[in-house]
Amino acid sequence: AFCKISPSKKNTTVSFDTISLTIPNNFIALLIIQEIFVQEHYRHLKWLNHVLDLWWYIWESGLYLAKYNKNVTIVESDPHNFAYLQNNLKNKSNITLIQKAVVADANQTFFLNEDNEYWWTISTHESSKCYQIETITIEQLCKNIEFDGLKMDIEWGEYSILKYCMQDDRFPFQ
């Protein structure tokens, strides 16, 4: 597919096929586009009824998944990334956005640390450049969303989420 890249001072517009999106002006976002749309890293999640996409940066996988699946629910806690999500996915009726951090335990408290210009990290400890973020448990998501596909890239919590889901047959898949 033909791809046109139009950088500006703060953001970059990437256009290909019938899609035109605004992404952060950094190289990582362009690499992610290549992984998802050219190399199709998520091709195994095509043709499902409902995919739950946990933490996914700014739009990339959600847009790909929405193209091939009936419904996609995206959970993202970072307000900067969430703003890109809302802007780039506003015309997609099969996508639901939730601005929260996914946790295994309802007693977990997380803070968003903005020490780095491009990467905001999740911490269990408050510091001067942190603020508390709202959370939702994987159990709440499983009760409210009937999904048949799951994609997770939550940097710190995949193990705890999967461990929780596998206890007492809590995981919704067969």
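Each of Glu134, Glu158 has its accessible area taken with a 1.4 Å probe; listed largest first, they run Glu134, Glu158.
In terms of accessible area, using a 1.4 Å probe and ignoring ligands and nucleic acids, Lys46, Lys151, Lys163 rank largest first as Lys163, Lys46, Lys151. Shown are His44, His80, whose ranking by accessible area with a 1.4 Å probe and every protein chain present, most to least, is His44, His80. Full extension of the chain between Asn91 and Glu158 gives 21.1 nm of extra length, using 0.36 nm per residue less the Cα-Cα distance. Annotation: amide H of Lys100 within the under-5 Å range of Glu76, Ser77, sequence separation 5 or more or interchain, hydrogens built in the peptide plane. Spin-label model, Lys143/Lys67: points 7 Å from Cα along the beta carbon direction are separated by 3.7 nm. Amide hydrogen proximity for Thr137: with H placed 1.01 Å from N in the peptide plane, the residues at 5 or more positions away or on another chain lying under 5 Å are Val103. Treating r as the C-beta distance of His41 and Gln108 and R0 as 22 Å, the FRET efficiency rounds to 0.15.
The values are calculated or read from the model by the stated rules, or taken from the named source; none is laboratory data. Owing to the predicted nature of the structure, the values given are computational and were not obtained by experimental measurement. Neighbour counts are summed over all protein chains in view; Cβ atoms, including those assigned to glycine, are modelled from backbone coordinates with ideal geometry. Heads up: the accessible areas ignore ligands, DNA and RNA and are worked out on the full protein's heavy atoms, side chains in. Shrake-Rupley method; radii C 1.70, N 1.55, O 1.52, S 1.80 Å.
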